[in-house]
Amino acid sequence: MPGGPTLPNARSFRERFGALRNLRPFLAMVWRTSPGLTAATLVLRLKRALLPIVTLYIGKLIIDEVVALVQVPDKPGTLQEWLDSGLANWLGILLIAEFALAILADILGRIVSLIDSLLSERLSNALSVRLMEHAATLDLEDFEDAEFQDQLERARRQTSGRMTLLGQLLAQVQDIVTVVSFAAGLIIYAPWLILLLVVALVPAFLGEAHFNAQSYSLDYARTPERRELDYVRQTAASVETAKEVKIFGLNGFLIDRYVRLATAFYAANRRLALRRAGWGGLFTAVGTIGYYVAYAYIAWRTLAGAFSIGDLTFLAGSFRRLRNLIEGLLASFSSTAGQALYLDDLFSFFEVKPEILSPDNPQPFPLPIREGFVFEDVGFRYPGAERWAVRHLSFTLHAGEVLALVGENGAGKTTLVKLLTRLYDPDEGRILLDGRDLREYDLDALRGNMGVIFQDFVRYNLSAADNIAVGRIDARDDRARVARATERSQADEVMAKLPANYDQMIGKRFRNGVELSGGEWQKIAIARAYMRKAEVLILDEPTAALDARSEYEVFRRFKELSQGKTAILISHRFSSVRMADRILVLADGTVEASGTHEELVSQAGRYAELFELQAAGYR
């Protein structure tokens, strides 16, 4: 295991602010998510943005009015006398106005927070859906690549992490309007104060930009370790691994591995946080010095008679609020540039394009298949692998034939199935279906007519009915079809034992779930193939957890139910494969022998040797 993440070189300023180009498509996504909510929050924020300057100016008027009333000769002594004299009428109006503005600001703030939370949640949901939709279009090759897994993990984190950016951008719009209003007031009295303020705050802005970029670079570099951290945490505490963790006493090993990774992360974060805090304190001090220089100037001008007490209050308050706003905006702009870097992770994922696609003018899938499949000198090597998974693979799978594939592990049996279903395309040669290259057919139609159950089938934590219906999910509500598929796979015996029958939640991840045995799960999985009503049925070692009698019965029924369909079955048990019309023996990624069970046994080759070895175990 690596010693932990180290701080990489931060992005250049050009890269950081070049990432702002991501804001335009991001804001377009926000608008498409909900035009009504987006427009509402913008309008309300603009109104809120003008309230501070109006409130502060009314405060100035109140102070000036109070000062003027204090100097009135023979002024009333009691509140009632003030009210009767009418001298305080204007003051009363100003106080009511300020009170009304305070109430309005609070109401607008709550409405804006509500709208922002609704918009953020809808955006998060929309991004998650788009990510899942795009992931569904990508190739199996992508998902089996570690670098792509890192990219997917970073993109997945952005579907929820961008809620902060949305709030930040909306707040910036509001703050910019407020800054302009305060700046207009200051320019009337002392325009050079604006220049002083900007000069004092620029260092803090540059510092924040630098450390935001370093934070992103660190986060980007440690994506693989973070995935390992999540994996270790999940492995140490999950229902799928609990048995082995307890039996093998792995808890100490996994906790130690987690602690070492987490400690390395903490050390890197701590170094960055200490540097950020140190420089940030220095830059803040520069801004504070600028503020008090301006404050002293305003006080001196008031003493000189240039400003009234109300002006002093207004200017000091404006300068203080303006300083805080500009400081916040500069930090926010820098943070936005950093957040925009993270958007690169999301948009770069959306730019990944699949290579296995339907042609522009696809051929319709033949219903029924008339001739079958032909492998012509097919060769395939997994990405990044030196060894060929299959090569010079040539054979014919006739229409309506049940073909069994036999071979030792690594012979290429599952690879052959992946090529047949176009999860991968050959690197050499071609595969024909009824005389046409497989790549000429519509991809969805091709896969839609393939009923495949792999050995590592997925155990969905869904209801029993849905676990079967995933074989043809658009027929999920057709309970009669689900029942027929269940009966054909002998999974009806499993259903009879479940407390809620087809509606029973399977798996222990959720409440009231019931766990199944390995053999019961496999019968459920096999039902998915029958649910599909496909032209081609493929069982790739789906019965490994069944006893010999149950597997024999599964394949016997498979043979009966596949009449008129093209079928492939893969099994290490010769009692099952002998029921096939023909058997292919694969070795080193190519066809070594072909024939019926009796023919292959009589040839005294690899098949006969493996058959004798297995038969000897039953004697």
* Structure fact -> Here the net charge surrounding Gly407, from other residues whose Cβ is less than 11 Å away from its Cβ (Lys, Arg +1; Asp, Glu -1), is -1
* Sites Ala102 and Trp31 - FRET efficiency at Förster radius 35 Å, r taken between beta-carbons, to 0.05 -> 0.60
* Structure fact -> Each label sits 7 Å from Cα toward the beta-carbon; between Glu609 and Asn409 the label points are separated, in nm, by 1.8 nm
* Structure fact -> Computed for segment 461-533: size of charge dipole around the Cα centre, +1 on C-beta of each Lys and Arg, -1 on C-beta of each Asp and Glu, debye to nearest 20, value 200 debye
* Structure fact -> Per DSSP, the loop-located GluC sites (Glu not before Pro) within segment 100-164 having at most 14 other beta carbons within 10 Å are Glu144
* Structure fact -> Quick P(r) readout (segment 330-433; Cα-Cα; 5 Å bins; whole %) gives 2, 9, 14, 17, 14, 10, 7, 6, 5, 5, 4, 3, 2, 1, 0
* Asked: If we count every other residue with Cβ under 14 angstrom of Thr590's Cβ, Lys/Arg +1 and Asp/Glu -1, where does the sum land?
  -> -1
* Structure fact -> Row for segment 461-533, column shape: gyration tensor on C-alpha, a ≥ b ≥ c, rounded if a/c < 1.5 i.e. under 1.5, prolate if a/b over b/c, else oblate; value prolate
* Using the Cβ atoms and a cut-off under 15 Å, what net charge is assigned to the surroundings of Ala385, where Lys and Arg are +1 and Asp and Glu are -1? -> -3
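A short reminder: the numbers here are calculations on the coordinates, not readings from a lab. Values in this document were obtained by computation on a predicted structure and should not be read as measured data. Quick reminder, even Gly has a Cβ in these numbers, built from the backbone with ideal geometry, and neighbours come from all protein chains shown.
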